[in-house]
Amino acid sequence: EPAVTELPHCLRVSPDGKFWYVCYTNGNYVQKFDASSDTLVGEVNIGAGSWNILKISPDSKHAYVSDYSGNGKLVEIDLANMSIRKTLFSPGLFEYPHGIAYSQTQDTVYVTAQYGNMIYRVIPSIPKVDKISIQKGALPGTTQQWLDPHEIMMSRDYSGDFIPCLASTEL
């Protein structure tokens, strides 16, 4: 049987600097490495998906991973125990979720829809997912070549966010 290439896609160092984590586009695991020795210290099987972005919480306690699929999902991981805390999925809930950012209070997560003109606002405790248009005067949608938001990053003071858009080449 031929070997499967896992294709590491996103590597992130925890804000506390103690560990680094990696997710794989063609794999089922998120792996945790000790940052001082670069040795594998844990992993969690998050299931099949096109795992693209891994975003660690500012307190280094948990992370979200996005499944970049037409019928994608979002998985929350407890990083201390390397276990799944929650999987957000239902048919049609997320279309090609990609970039991830935390709110200042860490109770809300923003996720880009790779295609279209929108981002998702996720409140995991409810759970609730809202679609927010980033195109003035337009309803949120996932039609390719509108704006196509790729990533999202909050400003240092959380007063705004930065969203690079591939189709429109805007920030």
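The values are calculated or read from the model by the stated rules, or taken from the named source; none is laboratory data. Everything numeric in this text was worked out from a predicted model, so none of it was measured. Note that we place each Cβ from the backbone using ideal geometry, even for glycine, and neighbour counts take in every protein chain shown. The accessibility values were calculated without ligands, DNA or RNA, using every heavy atom of the protein model including side chains. Shrake-Rupley method; radii C 1.70, N 1.55, O 1.52, S 1.80 Å.
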Inter-probe distance in nm under a simple model that places probes 7 Å from Cα toward Cβ, at Q144 and D38: 3.8 nm
Once the dipole of the chain is set up from charges on Cβ (+1 Lys and Arg, -1 Asp and Glu), the residue from the list Y102, T39, Y24 lying farthest towards its positive end is Y102
Using alpha-carbon positions, the gyration tensor of segment 1-95 gives root eigenvalues a ≥ b ≥ c; with a/c under 1.5 called rounded, otherwise prolate if a/b exceeds b/c, else oblate, the class is oblate
Given R₀ = 25 Å, what would the calculated FRET efficiency be for A167 paired with A48, taking r from the Cβ atoms and rounding to 0.05? 0.30
With every protein chain kept in place and ligands, DNA and RNA left out, what is the accessible area per residue of segment 82-138? Probe 1.4 Å, answer in Å². 47 Å²
Please give the per residue accessible area of segment 1-62, computed with a probe of 1.4 Å over protein heavy atoms only, in Å². 55 Å²
Environment charge of V122, counting only residues whose C-beta is closer than 12 Å and scoring Lys/Arg +1, Asp/Glu -1: +3
Multiply the residue separation of K86 and Q104 by 0.36 nm, subtract the distance between their alpha-carbon atoms, and state the gained length in nm to one decimal. 4.5 nm
Give me P(r) over segment 35-82, computed from all C-alpha to C-alpha distances, binned every 5 Å, as integer percentages. 5, 19, 26, 25, 16, 7, 2, 0
How far, in nm, would the chain grow between K18 and I126 when pulled straight, counting 0.36 nm per residue and subtracting the alpha carbon separation? 35.8 nm
Alpha-carbon Rg with Dmax, taken over segment 129-171, Å: 11.1, 32
Counting Lys +1, Arg +1, Asp -1, Glu -1, what net charge surrounds P140 among other residues with beta carbon under 10 Å of its beta carbon? 0
Share of accessible surface on carbon and sulfur in the chain, whole %, 1.4 Å probe and ligands ignored, is 51 percent
